[in-house]
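Only one structure is covered here, and it is reproduced in the block below.
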Amino acid sequence: MLTWCEINLAHIRHNVRTLRRVLGSGPELIAVVKANAYGHGLIEVARTCQAEGVRWFGVAEVAEAVVLQEALDPPCQLLLLGYAEAEELAEAVRRRVHLGVFDEAYAEQVDQVAAAVGQSARVHLKIDTGLSRQGVLAAEGLPFVRACFNLPHLEVAGLWTHFACADSGHPEDVAQPLARFLTLRDALRAQGWPVPFLHAANSAATLFYPPAHLDGVRCGLALYGLWPNPALAPRLEAQAIVLFPALSWKSKLVQVKTVPAGSSVSYGASFTTTRPTRLGVVGVGYGDGYDRGLSNVGEILVRGVRCPIRGRVCMKHVVVDLTDLPAEITPRAGEEVTLLGPAGGDCITADELAAHLDTINYEITTRLPPTLPRVFDDPPAN
Ligand SMILES: Cc1ncc(COP(=O)(O)O)c(C=O)c1O
């Protein structure tokens, strides 16, 4: 095995407990495990969360809901955050998956499918409070919710929204959309409609804005020990809220050799050595998900020491410069190196890779190919 991920489930456990402590006993924690649990491994992460008392999971696809329904014992509540195509809806209704419903036309489609299946569909009505993604505008929410309550095969089980800028660090970025959401709730109550399970907060709103906790929160990033906005981490660490990243990514050296000054390195000769240089060829490349954008800018930990990438990342190889390693370190082919995560006293974080690649930590872990082997510490039995 030349490249693999290691998932520290003990850290996931810690992060779930931390979120539970932040939430207190009232609000439900909906663990967002879409996209292979943000690259961490859907089943193992969900089982770990379940062992910590999590009873709700958020997924993006019906296929993920099916996998979880078969893997989790006892069964949990599954909320489909995304859109289900017509042919999958019947399966989701039959399995009693909670469906996000985004407009009246989709609500009617779900109602018809539920009628055909002979079972009511559990739906959570999505309100757009400023993200302008899925959902009905809060100002138009009242007739939408009323129409859904009147569809005979829908069981309205939740009302939800999603924030655009909860990670900004400015409370008003949550307070304002939340106020729009709660205005709708109050109008529904005033008209005598039973207001179901209300949920709005993602990780950032959960951590930074407790009034948004409502009846439940939907947390992804924080479960995995990543900060929605790393610049804000110190604020919470001052309150002893500490999250531990759970994912490391490893590979191995496949060759170590010295080249003379003036040697060009890798395709396109984008790096030329200026001194006799000890190079390590690492057995990972963009074919394994290691981004080509890290060419000549990324670093890899060899025995816990940062070594710069030289030249372009190839499909299955990347070359690092070992010349400045302390004299007592003589790496050899076959030994492990760290692409992401801690080693020795140092750590390459998802945020660091994201900064090199002009993206966010979410994308770094989520885009790790599902085919990369995941090795789990202490996986929960089922
Ligand atoms: C609708 C919805 N809710 C909750 C989340 C979880 O957000 P986070 O990972 O920031 O906690 C997401 C993630 O993208 C989402 O799309």
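The values are calculated or read from the model by the stated rules, or taken from the named source; none is laboratory data. Remember, it's a predicted structure, so these values are computed and weren't measured experimentally. Note that each Cβ is placed from the backbone with ideal geometry, even for glycine, and that neighbours are counted across all protein chains shown.
Collect the residues in the stretch 286-304 that are among the small types (Gly, Ala, Ser), out of contact with any helix residue (DSSP H, G or I) (no Cβ under 8 Å at 6 or more places or on another chain) and assigned to a loop (DSSP other than H, G, I, E, B), keeping them in residue-number order.
Within the stretch 286-304, Gly289, Ser295, Gly304 meet the criteria.
Filtered by the rule that a residue be within 8 Å of the ligand (Cβ to nearest atom) and in contact with a Pro (Cβ under 9 Å, 6 or more places away or on another chain), the stretch 205-223 gives Thr206, Leu221, Ala222.
Selection over the stretch 184-204 of residues that are touching a helix residue (DSSP H, G or I) at 6+ places or on another chain (Cβ under 7 Å) and more than 11 Å from the ligand (Cβ to nearest atom) gives a count of 6. Only residues that are on the phi < 0 side of the Ramachandran plot and either in contact with a Lys or Arg (Cβ under 8 Å, 6 or more places away or on another chain) or acidic (Asp, Glu) (or both) were counted across the stretch 91-116, and they come to 11. The set of residues in the stretch 205-252 being at pLDDT 95 or above, more than 30 Å from His317 (Cα to Cα) and of a type in the set (S, T, N, Q) consists of Thr206 alone. Residues in the stretch 6-21: is at least one out of contact with any Gly (no Cβ under 9 Å at 6 or more places or on another chain), more than 29 Å from Leu368 (Cα to Cα) and not in a loop (DSSP other than H, G, I, E, B)? Yes, the conditions are met somewhere in the stretch 6-21. Of Leu322, Leu339, Leu294, all but one fail to be crowded, with 22+ Cβ neighbours inside 10 Å, under 19 Å from Ile364 (Cβ atoms) and among the aliphatic types (A, V, I, L, M); the exception is Leu339.
If the condition is being under 13 Å from Glu140 (Cβ atoms) and charged (D, E, K, R), then the stretch 176-190 contributes only Arg180. On inspection, Ala246 passes the criterion of being of a type in the set (A, V, I, L, M, F, W, C) and in contact with a helix residue (DSSP H, G or I) (Cβ under 6 Å, 6 or more places away or on another chain). For the list (1) in a loop (DSSP other than H, G, I, E, B); (2) within 20 Å of the chain's Cα centre (by Cα); (3) surrounded by fewer than 18 Cβ atoms within 10 Å (Cβ to Cβ), I need the number of the one condition that Val54 fails. Evaluating Val54 over (1) in a loop (DSSP other than H, G, I, E, B); (2) within 20 Å of the chain's Cα centre (by Cα); (3) surrounded by fewer than 18 Cβ atoms within 10 Å (Cβ to Cβ) leaves (3) as the failure. Taken over the stretch 236-252, residues that are touching a residue at least 40 places away in the same chain (Cβ under 8 Å) and more than 13 Å from the ligand (Cβ to nearest atom) amount to 11.
Yes/no per residue for (1) more than 25 Å from Ser203 (Cβ to Cβ); (2) under 26 Å from the mean Cα position of the chain (by Cα); (3) within 14 Å of the ligand (Cβ to nearest atom):
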| residue | (1), (2), (3) |
| --- | --- |
| Val101 | no, yes, yes |
| Arg133 | no, yes, yes |
| Ala138 | no, no, no |
| Leu142 | yes, no, no |
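Just one of (1) in contact (Cβ under 8 Å) with a residue 24 or more places away in the chain; (2) more than 16 Å from the ligand (Cβ to nearest atom) fails for Ala105. It is (1). Residues that are modelled with pLDDT of 95 or more, on the phi > 0 side of the Ramachandran plot, more than 13 Å from the ligand (Cβ to nearest atom) and out of contact with any Gly (no Cβ under 9 Å at 6 or more places or on another chain) are absent from the stretch 74-90 altogether.
Selection within the stretch 119-133: residues that are in a loop (DSSP other than H, G, I, E, B) and in contact with a helix residue (DSSP H, G or I) (Cβ under 9 Å, 6 or more places away or on another chain). The member of this set that is surrounded by the fewest Cβ atoms within 10 Å (Cβ to Cβ) is Leu131.
Would you please name the residue that is surrounded by the fewest Cβ atoms within 10 Å (Cβ to Cβ), looking only at residues in the stretch 2-41 that are of a type in the set (A, V, I, L, M) and on the phi > 0 side of the Ramachandran plot? Ranking the qualifying residues of the stretch 2-41, first place goes to Ala35.
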